[in-house]
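Visitor: The structure under discussion is supplied below as structure tokens; questions concerning it will follow.
The values are calculated or read from the model by the stated rules, or taken from the named source; none is laboratory data. Only a predicted model underlies this, so the values are computations on that prediction, with no experimental measurement involved. Cβ: placed from backbone, ideal geometry, glycine included. Neighbour counts: every protein chain shown.
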Amino acid sequence: MTTRDAFALLPNLLPVTAPAVAGLLRWLHLAWQMHRTRRDLARLDDRMLRDIGVSRAEALAETERSAWDLTPRPRGVNRRGAAL
């Protein structure tokens with residue numbers, strides 16, 4: 001296959017790849033937002049955590065999560081499902 005042949009196929013691939021790329025970019029943006037949010041949560045002192053109703057153990061459990069772990073977790077439960 002020549003380069004010209006490959007470029008000839010490109011218009012046929014765009015309708016399929018554009019939504020996939022857009023979805024990937026949305027996911028990356030959300031993962032980056034979660035990373036920043038968790039980093040900010042780790043920086044809060046105990047008084048600030050009390051103000052928002054989060055215990056230090058809950059905050060630490062949330063900050064230990066990976067950036068790509070975007071699934072909601074019930075409050076008061078760590079990654080192994082045990083109560084905090």
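Visitor: From ASP69, ASP5, which residue is modelled with pLDDT under 90 and part of a loop (DSSP other than H, G, I, E, B)?
Guide: ASP69
Visitor: Here is a further query. Go through the range 32-63 and give me each residue that's surrounded by 15 or more Cβ atoms within 10 Å (Cβ to Cβ) and more than 19 Å from PRO74 (Cα to Cα).
Guide: Once the filter is applied, which keeps residues that are surrounded by 15 or more Cβ atoms within 10 Å (Cβ to Cβ) and more than 19 Å from PRO74 (Cα to Cα), the range 32-63 yields only LEU44.
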